Amino acid sequence: MDFIPRKSFLRVLLKFAGIFTVATLSAGAQEKLELRPGEKQLFLDDHVIKEVHNLRQVIHRPKKISPDAIIRPEHPWENLVVQTRNAPFWDPAEQVWKLYYISFLEDEGGTANSSAQCLAISMDGLQWTKPNLGLVEWEGSKANNIVTLHRKNRQAMSELYHVIYDPNDVPARRYKGFFGINGRQPAVSPDGLHWQMLNTPVIPSQDESQLIYDELGGQFLATVKHEGPYGRSAYLVTSKDFNEWTKPRMIFHADGEDQTASRRRIAARLTDPRFAPLTVNRPADYNTDVYNLPVFPYEGIYIGTPMFFNQSGPNPAPIGNTDGFHHVELVMSRDLIRWERVAGRALFMENAHAGTGAYDTAQYIPANRPVRRGNELWFYHSGIKYRFHPDNVRTRPDGTKTYMSLRDSGAIYVSRLRLDGFVSLVAGELEGALLTRPLLVKGKRLHVNANVRSGGRLRAEVLDAAGRTVMEGFTADNSAVLADDQLGAQLSWAGGKNLGDLAGKQVRLRFVFQQADLYGFWVTD
């Protein structure tokens, strides 16, 4: 099969948005790679790819497990909006899933937003209860699930914003989190309920951030929000011990192409009756920036789900802020600093249609990372019905105007994605092929995550390092044939041959398939 050199995935997809035939190496890429046991090679970029033929790079979106929200406003202390930046985690001591979320409530006679930071627990990650914690008094009773409460005249840094569970630290520091809405104060807890602020400087940030433990880098990682090109941008801070943090460094921001795309998105939204209407439309003020950037390690790389805000114009004075809507894309990095857009900036998550009863019709806010559940990745996200609505405006007793969230206008959902299923290389009726760069293979057995549709097949062959000659016994005709949907199918060759027979040699792998999606490959001992 002949292969035609190409530009990188992203440039080709942005230009042609379709089938491509292909590939020279990305700038700065090395010629040789090690293929170590257990290290999956995905296709969010072209790191391991030399050439492809008759294939498309396709992004796959998580789908809601249920159209119903898993956590929504129920109690007086959460009567406006509930939302979260935290994915749930499993507490091995209590044998439950825990999810910390933020609730917004009417205060001061319905003319002020206050917030409570609350806990929900679950046995399965789907059905959630709100336990009576007995910690914080609300209207004369502590029978509620409030962990911290922030109301007018409360002390600074009283809002618990992020919580993660760290099983590797001493018991007194098992729970780690950030307090504060503007600026982030690191804190620790033995139980996730009683918190101690650390004697460390406040991490500067605007009102959005994300926090995880980065298993790949062996560090705590947070992205915080500051200004940059075109407005809000994502900055990185890291810590090895959760005490000393690096200075914020800008790692991701919107660009000119985002502005052009945003104008198209806003125009489409204004004419598409399926989506919630925009109440403000001022083309001179259109802008897109990065509202939030969750980042998490996955199979040796970093994946980000940036939430872009498409601004359609400023709200009426004197309310301030802006109208618009969110969408989520997919980005990836190998060093946390240089980020690549995936699949030509295709949508990874977007707002639900209006009239469906969904909350996420205007604002879609991903949590800090997906949770692996069996052979799926579960993505938790917050959904808010309106960015701006005339009913948001309230009049205080002194006659001034203020902006309020609407009652029951925000909730939390969970969606599922196939394991490793962010991106696939797709072949249709015409047979397609992927040729890797030279690989030093250190395993014996070759595995793929692939979905072969009816009438399709997938095979593999091994070539020499130059990619000119198929190794004896490793032809596609000798390959086992995959003809169904498998997350970890093993490919072998007739006569019991496997990659262990080529130990110490530089080789290239070629996957040949039709009517199939290939999500990734790897080797095992």
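Coordinate-derived values only; no laboratory data. Quick caveat: nothing in here was measured; it's all calculated off a predicted structure. Neighbour counts are summed over all protein chains in view; Cβ atoms, including those assigned to glycine, are modelled from backbone coordinates with ideal geometry.
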Estimated distance in nm for a label pair at Ser66 and Met250, the labels positioned 7 Å out from Cα along Cα-to-Cβ: 4.4
Anchor Lys247: aspartates and glutamates whose Cα lies under 20 Å away (excluding residues fewer than 8 positions away in-chain): Asp207, Glu208, Asp214, Glu227, Asp335
With a ≥ b ≥ c taken as the square roots of the eigenvalues of the C-alpha gyration tensor of the chain, please select rounded if a/c is under 1.5 and otherwise prolate if a/b is larger than b/c or oblate if it is not? prolate
Summed residue charge, Cβ within 13 Å of Leu193's Cβ, Lys/Arg positive, Asp/Glu negative: 0
Just grab the label-to-label distance for Gln486 and Glu137, each label 7 Å out from Cα along the Cβ direction, in nm (one decimal). 6.5
Whole-number percent relative contact order across the chain, with pairs defined as alpha carbons under 8 Å at least 6 apart: 17
Multiplying the sequence separation of Thr395 and Thr356 by 0.36 nm and subtracting their Cα-Cα distance, what value in nm do you get? 11.0 nm
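Please report the relative contact order for region 141-252, taking Cα pairs under 8 Å with a sequence separation of at least 6, and give it as a percent rounded to a whole number. Before the final figure, lay out each step's value.
Numbers: 221 pairs, mean separation 16.9, N = 112.
After rounding, I find 15 percent.
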The extension gain from Lys240 to Trp90, computed as 0.36 nm times the residue separation minus the Cα-Cα distance, is 51.7 nm
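Going down the table (Lys442/Lys505; Lys40/Lys497; Lys142/Lys176), which pairs top 18 Å between alpha carbons?
Lys40/Lys497; Lys142/Lys176
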Quick one: 3J(HN,Hα) in Hz for region 502-512, Karplus 6.51/-1.76/1.60 with θ = phi - 60°, rounded, Gly and Pro as x. 10, 3, x, 9, 7, 9, 10, 9, 10, 9, 10
Helix axis angle, 256-271 relative to the chain longest principal axis, alpha carbon, degrees: 70
State the extension gain, in nm to one decimal, for the chain segment bounded by Asp191 and Thr402, taking 0.36 nm per residue of separation less the distance between their alpha-carbons. 72.2 nm
Counting only trypsin sites (Lys or Arg not before Pro) that sit in a DSSP loop (anything but H, G, I, E, B) with at most 14 other Cβ atoms within 10 Å, what is the longest stretch of the chain containing none of them? 33-141
How much mean residue ellipticity at 222 nm does the chain get from its helices, if each DSSP H run of length 4 or more adds -39500 (n - 2.57) and you divide by all residues, to the nearest 500 deg cm²/dmol? -1500 deg cm²/dmol
